[in-house]
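Since the structure comes first, as C-alpha cells, the remarks are kept for the end.
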Amino acid sequence: MPVLSKSVSYCLIVVVLGVLLSGVACADEGRQYFVNGQPASADLAAAVNILQEGLALLRANQNSEAVDKFTAAVVLAPDLPAAHHNLAVALAKVGRLQEAIEQLQKVLTLDPNLSPALLTLGGLYQSTGQVNVAIQTYREFLRRFPKDSEAPKVANLVKGLEAVSAATAAAPGADSPRADSSDYLAEMLKNGTFRWPDMRMPIKIYVQRGENVPGFRPQFTKLLIRSFVDWSAASGGHVRVSQVDSNRDSDIECMWLDNPSSLSNPSESGEARVFTDNTGIKRGTIKLLTVPLSKELPLTDNRMRQICLHEIGHVLGLAGHTTNPADAMFFSASVADEWRELSTRDSNTVTKLYTLSSSRR
Ligand SMILES: [Zn+2]
C-alpha cells in the first residue's frame, strides 16, 4: 500500500527585526552634553541614556517597561529616529502592532535611509498578515540595501511570502485577514483532505525527553501536551488524544532539536509531517526547536505555545496556512509575546474537518 508523506513548506515564517542603536551620551565639566562626541542638548543626552535603559529591558523581554522608557525618550527627543524605532519594536512585542507601524512610518519620514527601520516595518506587515505589503517593503529593502548583512535572510523571506501570496491569491481580499468567515477549512483542503480515522482514536502521543537538548525547558513538554488537549477540546471531542511512554506504541512522535539545520527549512521553528494510507493519516511527527531563530525574539513560553498549536494543527490534517494573525494556522511567527488560545475559527475548522462525511475524504 503506498504511503504518502506530506510536509508543509514555509511553515511559520520567521520575522526579522532591525536593530537601531542610539549611541552614547556624556557631559563634560562645563555641563556641555555630547552624543557620540557631538555637542547635544540636555534633552537629547537624557533621551539617549533612557534609550540604553530601554534596550536593556527589551533584551530582558520586559517589554511593557521598555515601552514606558522609549515613550519617555520620544517625548524628550521627538526627532530622534532610534527612539521611535525602538518604541515600535517594544509596542509590537506587547501586541500594539498598529501603533508600532505608525512609529516606523514616522522614523522613515525623519530618515528614509535607515535600513533597520525598513526591515522592521516589513516584519510588522508580515506579522499582521499584510502579505503583499510586506513583500513590497522587503523588495524595497533589497533594492536599496543589497549589501546589508540581513539581505540574504530577507531574500529568503520574500520567497516564503510569495508562496503564501500565491496560495491565498484565489481568495478575494487576500491581503487582509478574512475575519468575516467563520472557519478556514477551504484553505486547508486545497491539496486534498487528510484526517485521522475514527478507528485510530485516541491518537497516541509520544513526547521525547528533552533534558539533554540545549535550550530545552521542562515547561515545553507541558505546553505541548496542553496544546494537544486544547485542540481535542476545540474539536468538540472528535479528536481524542492520549500520551504514551514509548515511541513504539505511538501514532505521533514529538522531538526536541537545537539545530535549525536538522529541519527541512532552517528558517523555521518547527516542522510537522504526516503519513497517510487509504484510511487517512496513519502516523505523524513533530520536530520543535529549543532555541530561538533570532535574538530579538527569544523563545518564551508564549512563543513555544504558538509553535506547538501550529504544528499540532498540521499533524491533525490542517495542511495549509491562513493570513489571519488570530488563527493557529497563520503563516507567520508572531512578534507579539502573548499567550495564545485557539480561536473560534480554529475550533470551527477542526470540528468541520472531523465531521465531514466520509464520502468527501
Ligand atoms: Zn505551518
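The values are calculated or read from the model by the stated rules, or taken from the named source; none is laboratory data. Note that the structure is predicted; figures quoted are calculated from it, not measured. FYI the Cβ positions are ideal-geometry reconstructions off the backbone, even for glycines, and counts take in every protein chain you see.
The table that follows gives values for the structure above.
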| read-out | value |
| --- | --- |
| Verdict on VAL291 being touching a Gly at 6+ places or on another chain (Cβ under 7 Å) and closer than 20 Å to ALA167 by Cβ | no |
| Leading residue by the ranking (nearest to the ligand (Cβ to nearest atom)) among those in segment 293-313 that are within 14 Å of GLY95 (Cβ to Cβ) and assigned to a helix (DSSP H, G or I) | GLN306 |
| Of all residues making up segment 302-329, the number that are under 26 Å from ARG59 (Cα atoms) and either touching a Pro at 6+ places or on another chain (Cβ under 9 Å) or among the aromatic types (Phe, Trp, Tyr) (or both) | 3 |
| Breaking point among (1) surrounded by fewer than 20 Cβ atoms within 10 Å (Cβ to Cβ); (2) within 16 Å of the ligand (Cβ to nearest atom), for GLU338 | (2) |
| Top-ranked residue of segment 341-356 - restricted to ones that are part of a loop (DSSP other than H, G, I, E, B) and among the hydrophobic types (A, V, I, L, M, F, W, C), ranked as nearest to the ligand (Cβ to nearest atom) | LEU342 |
| Residue pairs meeting the criteria (Cβ under 6 Å; at least 6 apart or on separate chains; first assigned by TED's automatic domain parsing to the domain that holds ALA328, in segment 122-133; second of a type in the set (Phe, Trp, Tyr) and in a helix (DSSP H, G or I)) | none |
| Filter result for the condition that a residue is within 13 Å of the ligand (Cβ to nearest atom) and buried (at least 17 other Cβ atoms within 10 Å of the Cβ), over GLY317, GLY284, GLY280 | GLY317 |
| Set THR351, THR355: member being touching a helix residue (DSSP H, G or I) at 6+ places or on another chain (Cβ under 9 Å) and either of a type in the set (Val, Ile, Thr) or in the same structural domain as ALA134 (by TED's automatic domain parsing) (or both) | THR351 |
| So THR276, is it outside any loop (DSSP other than H, G, I, E, B) and without any contact (Cβ under 8 Å) to a residue 40 or more places away in the chain | no |
| Selection status of SER5, within 16 Å of the ligand (Cβ to nearest atom), part of a loop (DSSP other than H, G, I, E, B), of a type outside the set (Val, Ile, Thr) and modelled with pLDDT under 70 | no |
| Cross-chain or 6+ apart pairs with Cβ under 8 Å, segment 190-219 first and on the phi > 0 side of the Ramachandran plot, then buried (at least 18 other Cβ atoms within 10 Å of the Cβ) and assigned to a loop (DSSP other than H, G, I, E, B) | GLY192/ALA319; GLY215/THR290; GLY215/LEU299 |
| Residue under evaluation VAL15, criteria (1) away from the ligand (no atom under 16 Å from the Cβ); (2) at pLDDT below 70, criterion not met | (1) |
